[in-house]
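For reference, the structure is listed below as structure tokens.
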Amino acid sequence: MEPSERTTGYRAEYRDLLTQAYDLDKPVAPADELAYLLTAVGAAEPVLELMCGSGRFLLPLLAAGVDVDGVDASPSMLDACREHAAVQGLDVSGRLHEQRAENLRLRRRYRAAFCAAGSWGLVAGDDEVARALTAVRRHLLQGGIFHFEVETGPEPAGAPDPTTWWIRPDGAVITARGGNRIDPATGLEHGVGIYELFVDGVLVHTELNRWVRRFWSADSIAAAVRAAGFSEVVVRSGHSDEPPAPDDLLLTVHATR
């Protein structure tokens, strides 16, 4: 393991093939998550989405009339978001920004911010987490809320599935394989994914993507958010109003500036 892997977080690489595979695998936001999100932040405009990706949450909110902007560190994801917006007849001019969460610098201030689908775990290092939470708080109006999700650990192991594939509308095939490991010194998950594109049965492009992911307990994420200066922090079980349970895999955090 490289020495820098122990201290550096947010090393998630969403390049072109991974972006395409992501869109094929997750073309729309789950209806229950989207409804939950609309309830949590939809009425508090303007809204900022952190790590908005290809727009599967941002674009439905925009279509519903919500004043929402998005930031993401991946140019490929933002390009895909713009393409989806154009197909849906939505104007995202001035709404999408290529920035990392810990380096957030926008002119607007927001009544609400959110980060969906457990993506906040990709902000992994202690310094990155502290800077990112501070940056989000700085971009909220007084009384503004930050709603996000964290995972408590890797998903339970299932049947081996060494290779996954998707078929594009043009018939080309994208395959993916890879693996992950937990660093015992930090508890961070380090993973790699190898994505390959086949056109007419011929391999034409290969892409390596790496990621680092952090898992949280209810107490540890609440402490980190409070340390960033948020005045009120509530951690809940999954997409519910229930308190956290010992077997939860997903937690939602509601923080108020």
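For the chain, the Stokes-Einstein estimate of translational diffusion at 4 °C and a viscosity of 1.567 mPa s comes to 68 µm²/s, using the Kirkwood hydrodynamic radius over alpha-carbon pairs. Taking Lys and Arg as +1 and Asp and Glu as -1, the other residues whose beta-carbon sits under 9 Å from that of Leu96 total -1.
By average Cβ neighbour count within 10 Å, what is the ranking of 53-59, 118-124 from highest down? Intermediate results must be reported in sequence, preceding the final value.
Details: 53-59: 25.1, 118-124: 22.7.
Those peptides, ordered most packed to least, come out 53-59, 118-124.
Placing a label point 7 Å from the Cα of Arg168 along the Cα-to-Cβ direction, the residues of the range 22-55 with a backbone N closer than 14 Å are 22-25. From the phi of every residue in the range 109-117, what ³J(HN,Hα) in whole Hz does the Karplus formula 6.51 cos²θ - 1.76 cosθ + 1.60 yield, where θ is phi - 60° and glycine or proline is x? Per-residue couplings from phi come out as 10, 10, 7, 8, 9, 8, 9, 9, 6 Hz.
Within 10 Å, count the other beta carbons around each residue, average over each peptide in 225-231, 134-140, 201-207, and list them highest first.
On the way: 225-231: 16.6, 134-140: 19.7, 201-207: 11.3.
Per-residue Cβ counts within 10 Å, averaged per peptide and sorted highest first, yield 134-140, 225-231, 201-207.
I'd like to compare 67-74, 45-52, 208-215: which one has the highest average count of other Cβ atoms within 10 Å, and what's the full order after that? Let's see the in-between values first.
Details: 67-74: 21.9, 45-52: 23.8, 208-215: 19.1.
Most protected by this proxy first, the peptides run 45-52, 67-74, 208-215.
Take the alpha carbon atoms of the range 120-197, find their center, do the same for the range 214-251, and report the distance between the two centers in whole angstrom. Computed from Cα coordinates, the inter-centre distance equals 18 Å. The rule of thumb for compact globular proteins, 2.2 N^0.38 Å, goes into the C-alpha radius of gyration of the range 50-127 1.07 times. Once both labels are positioned 7 Å from their Cα atoms along Cα-to-Cβ, the gap between Glu242 and Thr39 label points is 1.4 nm. Here each label is just a point 7 Å from Cα along the line to Cβ, and for Leu203 and Ala63 those points are 3.8 nm apart. When the alpha carbon coordinates of the range 201-240 are projected onto the principal axes, the ranges are 55, 24, 15 Å, largest first.
Every number in this text was worked out from the coordinates using simple rules, so none of it is lab data. Since we're looking at a predicted model, the values are computed, not measured. Positions of Cβ are backbone-derived with ideal geometry, glycine not excepted, and every protein chain shown enters the neighbour counts.
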